[in-house]
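Read the structure below first, then the notes.
The values are calculated or read from the model by the stated rules, or taken from the named source; none is laboratory data. Just so it is clear, the model here is predicted, and its values are computed rather than measured. So basically every Cβ, Gly included, is an ideal-geometry build from the backbone, and we count neighbours across all protein chains shown.
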Amino acid sequence: MNDSSTARDRDPELNAARWDIEPLVDGDGEAGAERLLDAADRQAEAFAQRHAGAVADLDPPGLAAAMDELASISDLVGRAGSYAALHFSIDTADPARGALLARVQERSTAIETRLIFFELEWAKLDDARAEELLAGGQASSFNHHLRMARRYRPHLLSEPEEKLMSEKELTGAGAWGRLFSELVSALEVRVPDAEQPVPLDAALSRLMSPDRELRRIAAQAVTDALDPGLRTRAFIYNTLLQDKGIDDRLRRYPNWLAQRNLSNEASDESVQALIEAVRGRSELARRWYRLKARLLGIDKLADYDRMASLASEEETIDWRDARELVQDAYSAFSPQLGKLANRFFAERWIDAPPGPAKRGGAFCAYTVPSANPYVMLNFNARRRDALILAHELGHGLHAALAADQGIFHQHTPLTLAETASVFGETLVFSRLLEAAESPRSRLSLLAESIEGSIATVFRQVAMNRFEDAAHSARRGEGELSVARFGELWEQSQAELMGDAVQLTEGYRSWWSYVHHFVAVPGYVYAYAYGQLLALAVFHRYEEAGAAFVPDYLRLLAAGGSASPEELGGLVGVDLLDPGFWDTGLTLVERQLEAAERAAAEAGAA
């Protein structure tokens, strides 16, 4: 099993797969970031002098010119902020990188605070006046953005209050979130098969080992590593729960999730329908866990068995082969996507090797339309890592294709953000499945895919249930103890796993490394939304074949320029259909049935 050092030592091409983020700051490093912010500061000051108190007096050309200015300022701030965040993510233990990130965030917040007046004045306009200003082609690069901004009218405070809230963010929720990230990134796990302590991600990857004893030991080692700082992380989460409760009360949100739903352009009712649809089909996950227990030859899975490989030896893949596999899959689907994917590798837009203080997991940073996206991985040479590469590269392709929409429409709501990533991952998975030479090999691959769906759909909804319980309990009971958090976590996971998985005592603390809980409250259900949507989109591709490709590319190129319902319509998906979620879940069930058939064939063989 690879740890962060041996993965690099054994694969020099992986070690060389480092991103070059200097183009974000014109090759000038920290000084370049500061210079960008200096320019943004000057532009913001001039913008405020011209437009503060006068937004209602704009005509359509004047509004278009003002939005162009705001786009220019956002581009400068976005370049500096992206550079500082990406620079920090590679070594979160470096004080200089942390100091740069803090300085850039502070200056960015000051600039954003100076411009708050525009959003507030825009929101105060009556609907007829706003639509008059948005009429005509001049508003095409920002009309959807400004229409969506007006939905926040009931929740906006006065200008002095909004400025105060913005400035205090850095020393409030933002600071606590950064501390949490640094604490988790610094975790070192002592596992017996490595000479030195390994990062948390490398330890968690051992839960995929076919060796059950190694999985058990790795799980205990993770629990042991989480224990010393558990009270500190619980205090951070308590503080952030209370902070959000105050924000929701001041902004008159009816529940803890309402703000997230608004930003996702999703109604509370539609999100609740998704959550209930997934909870209602949780037996699919339990059915898989029971089958897996039989395949592993054990009576009942423990929590540390859920991700175990069904192969006698875990299949590995080196960086070069993973790169070729992913690039070939995208090229076969669309030469345009294949050519664009190659740029990520050739132009150093990817940082792949793991590191001791590198941020865990994987992500894609969109940055800004005038630059390029960047992908961060912790590649440990598992076959699953090739699928993660395909997933994050899908995000990157989405960002690159949507760049022409401009800074206001490049990003989609979170509910659509996983479409391209899951679609790309499914492309690569399908290629691996076609190449599988035996029922057992097919079963191993199907297991990985099913477990990915369970993790992305069912487990994310279970984590949403933990968040819901934590926010509700914090508001009703006051500060929560470590034991109370553990109890709420266990309850949410037990609802999903039922009698199919035995939850160990140590698992009660595993909520405490989940970054999304503290950084983006309410985020996790969007994974389930995006996964089911992407599966439905891929099903349309299976039905239509090559004729589907142009529609799919139009969807990606549209970015967030329209509502989720309109964007779904580009590829023939009806998000307003009450049965939509069941359609996606049925696709998961079909894959489970395929795994059951492969298991029977493998057993017969």
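Could you grab me the full set of residues in region 558-571 that are surrounded by fewer than 15 Cβ atoms within 10 Å (Cβ to Cβ) and modelled with pLDDT of 90 or more?
Our first condition is that a residue be surrounded by fewer than 15 Cβ atoms within 10 Å (Cβ to Cβ); within region 558-571, this holds for 565-566.
Within region 558-571, GLU566 is the sole residue that qualifies.
When only residues in region 269-281 that are at pLDDT below 90 and small (Gly, Ala, Ser) count, which is farthest from PRO439 (Cα to Cα)?
The qualifying residue farthest from PRO439 (Cα to Cα) is SER270.
Right, LEU200: at pLDDT below 95 and more than 26 Å from VAL482 (Cα to Cα) or not? Spell out how you get there, then give the answer.
Numbers: at pLDDT below 95: yes; more than 26 Å from VAL482 (Cα to Cα): no.
Criteria not met by LEU200.
State which residue pairs qualify: first residue closer than 15 Å to GLN410 by Cα and inside region 139-161, second residue among the hydroxyl-bearing types (Ser, Thr, Tyr) in any location, beta carbons under 9 Å apart, and separation of 6 or more residues or different chains.
As it stands, the answer is SER140/SER561; SER141/SER561; ASN143/SER561; HIS144/SER561; HIS144/SER563; HIS145/SER561; MET148/SER263; MET148/SER563, since those pairs meet every condition given.
Going through region 473-493 one residue at a time, which ones are under 24 Å from the mean Cα position of the chain (by Cα) and either under 23 Å from GLU276 (Cβ atoms) or surrounded by fewer than 18 Cβ atoms within 10 Å (Cβ to Cβ) (or both)?
Those that are under 24 Å from the mean Cα position of the chain (by Cα) and either under 23 Å from GLU276 (Cβ atoms) or surrounded by fewer than 18 Cβ atoms within 10 Å (Cβ to Cβ) (or both): LEU488, TRP489, GLU490, SER492, GLN493.
Out of region 480-508, which residues are in contact with an Asp or Glu (Cβ under 7 Å, 6 or more places away or on another chain) and assigned to a helix (DSSP H, G or I)?
The answer is TYR507, ARG508.
If ARG42 satisfies every condition in (1) under 30 Å from ALA346 (Cβ atoms); (2) in a helix (DSSP H, G or I); (3) out of contact with any helix residue (DSSP H, G or I) (no Cβ under 8 Å at 6 or more places or on another chain) but one, which is the exception?
If we test ARG42 against (1) under 30 Å from ALA346 (Cβ atoms); (2) in a helix (DSSP H, G or I); (3) out of contact with any helix residue (DSSP H, G or I) (no Cβ under 8 Å at 6 or more places or on another chain), just (1) comes out false.
Considering only region 341-364, state which residues are buried (at least 21 other Cβ atoms within 10 Å of the Cβ) and in contact with a Phe, Trp or Tyr (Cβ under 6 Å, 6 or more places away or on another chain).
Passing the criteria: ALA341, TRP349, ILE350, ASP351, ALA352.
Would a scan of region 292-301 turn up a residue that is buried (at least 18 other Cβ atoms within 10 Å of the Cβ), more than 23 Å from the chain's Cα centre (by Cα) and of a type in the set (D, E, K, R)?
Yes, because at least one residue in region 292-301 is buried (at least 18 other Cβ atoms within 10 Å of the Cβ), more than 23 Å from the chain's Cα centre (by Cα) and of a type in the set (D, E, K, R).
Somewhere in region 63-81, is a residue part of a loop (DSSP other than H, G, I, E, B) and among the charged types (D, E, K, R)? Spell out how you get there, then give the answer.
Of region 63-81, the ones part of a loop (DSSP other than H, G, I, E, B) are none.
Checked against the condition, which is being part of a loop (DSSP other than H, G, I, E, B) and among the charged types (D, E, K, R), region 63-81 yields no hits at all.
Looking at (1) at pLDDT 95 or above; (2) β-branched (Val, Ile, Thr); (3) closer than 30 Å to ASP321 by Cβ, which is the only condition ILE73 fails?
Exception for ILE73: condition (3).
Could you tell me which of the residues GLU565, GLU542, GLU589 is out of contact with any Leu (no Cβ under 7 Å at 6 or more places or on another chain) and part of a helix (DSSP H, G or I)?
Answer to the check: GLU542.
Which of the residues belonging to region 112-127 are of a type outside the set (Gly, Ala, Ser) and either in a helix (DSSP H, G or I) or within 16 Å of ARG251 (Cβ to Cβ) (or both)?
The answer is GLU112, THR113, ARG114, ILE116, PHE117, PHE118, GLU119, LEU120, GLU121, TRP122, LYS124, ASP127.
State yes or no: is ALA526 in a helix (DSSP H, G or I) and farther than 19 Å from VAL588 by Cβ? Let's see the steps before the verdict.
Values: in a helix (DSSP H, G or I): yes; farther than 19 Å from VAL588 by Cβ: no.
Considered against the rule, which asks whether it is in a helix (DSSP H, G or I) and farther than 19 Å from VAL588 by Cβ, ALA526 comes out as no.
For region 387-402, check the following and say yes or no: at least one residue is surrounded by fewer than 24 Cβ atoms within 10 Å (Cβ to Cβ), in contact (Cβ under 8 Å) with a residue 12 or more places away in the chain and farther than 24 Å from GLN531 by Cα.
Taking every residue of region 387-402 in turn, none turns out to be surrounded by fewer than 24 Cβ atoms within 10 Å (Cβ to Cβ), in contact (Cβ under 8 Å) with a residue 12 or more places away in the chain and farther than 24 Å from GLN531 by Cα.
Residues to consider are GLU425, GLU437; find the one that is outside any helix (DSSP H, G or I) and of a type in the set (Asp, Glu). Explain how you work it out, then say what you get.
Working: GLU425 fails: outside any helix (DSSP H, G or I).
Exactly one residue qualifies, and that residue is GLU437.
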